[in-house]
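Every read-out reported here was derived from the displayed coordinates using simple, explicitly stated rules and does not represent laboratory data. Predicted, not measured: the structure shown is a model, and the values here were computed from it. Neighbour counts are summed over all protein chains in view; Cβ atoms, including those assigned to glycine, are modelled from backbone coordinates with ideal geometry.
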Amino acid sequence: MSKTVLILPGDGIGPEIVAEAKKVLDAINTSGSLGIEFSHGKLGGASIDEYGVPLSDETLALARASDAILLGAVGGPKWDQLDAAIRPEKGLLKIRSELELFANLRPAILYPQLAEASTLKPEVVSGLDILIVRELTGGIYFGQPRGIRTLENGERQGYNTYVYAEHEIERIGRNAFEMARKRGKKVCSVDKANVLEATVLWREVMDRLSAEYPDVELSHMYVDNAAMQLVRAPKQFDVIVTGNMFGDILSDAAAMLTGSIGMLPSASLDKNGCGMYEPCHGSAPDIAGQGIANPLATILSVAMMLRYSLDMSEAAEQIEEAVSKVLDQGLRTADIYTDGMKKVSTSEMGDAVVAAL
Ligand code: IPM
Ligand code: MG
């Protein structure tokens, strides 16, 4: 049976990196050998320019009809002045929420070839393999009420609501425990239970769930400490599970441990394993159009897509091995360049991965 992948290049460097990822996907799906078919849509600023909204009903319908979505990145200064309700990021948040992509997997793996590119000492990061499981459709990102209101004294006040219902905590927790079972069998749940009630409940639900996973070790950590531990001794972590906002912040920190955020893929899954795949980095408008962006995070996102949504693990492994091979060859985009390596452009990197396949 054929599978449909929706391609959403988005904004900034999005189109450049997605083009390389598509090259790799085409190479592995030679003449449709894997039965993958494509549809194409717009998201973020590209969609605002065409339809006046960051996510159109047409694109949402295409997304619902596909088995997986490959996304570049959204946003840029061109749309920064727009009303918050129609900014590019709203399109991303809406597609996550409409498709109920509640489980965001963000692996931070240090390729041994890149130990020198990390800003941390090689001995602190070598062998690093962390999986951040971030809740993606709840918490303060979506909680109501929210807004900016005017108080009686005329002063304006901004407000948001941090909410988590038990079922939301439970399903992301389950996901983390299941993932841990397939790896180091440790889950660290990150919260702020010393201050925030929403996360007191979070901790309670994680403890309850833990009884169903006696083979997995559960620990709890406050988010401020987790931020510190990530840069102090990151190898203590196996799976980290946390809410939407803490996950957003910690995953950027974890990304940098690996040398460059340009290396980090991500998967956002619904309860059936349908998902959206995107690099963890943003649209990097400052380097868009220069052909210097690192396409590897997006290429590795394709590998995650093959594994989690398309049931093609073998093809996923081939891509991951090809990425490792080009790093062995000394090829580096500017963000991961160190002395003695060969600096390549976005498309040269894509071509090299295809050649290594
Ligand atoms: C991410 C991004 C998004 C988020 C933005 C672009 C809305 O930072 O995917 O981490 O905050 O979730
Ligand atoms: Mg982020």
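Numbers for the structure displayed
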read-out	value
Cα centre as origin, Lys/Arg/Asp/Glu Cβ charges: the range 24-151 dipole, Debye	500 debye
Which of D311, D191, D215 has the fewest Cβ neighbours within 10 Å, and the rest in rising order	D215, D311, D191
Residues E50 and S219, FRET efficiency given R0 of 51 Å [Cβ-Cβ distance, rounded to 0.05]	0.60
Percent antiparallel among DSSP beta bridges (both partners in the range 173-268, rounded to 5)	0 percent
Amide hydrogen neighbours beyond the local backbone of G72, cut-off 5 Å, H modeled	L8, G10
Flagged links, alpha-carbon separation over 20 Å, of K182/K235; K90/K271; K121/K182; K121/K185	K90/K271; K121/K182; K121/K185
Additional length obtainable on full extension of the chain from N153 to E321, 0.36 nm per residue less Cα span	54.3 nm
Förster radius 45 Å - calculated FRET efficiency between E123 and D57, Cβ distance, rounded to 0.05	0.30
Paramagnetic reach from E212 (point 7 Å along Cα→Cβ, amide N under 17 Å) across the range 96-113	102-103
Taking T150, T199, T298, T346 and counting other C-beta atoms within 10 Å, the order from fewest to most	T150, T346, T199, T298
FRET E, pair S97, S31, Förster distance 30 Å, beta-carbon r, rounded to 0.05	0.20
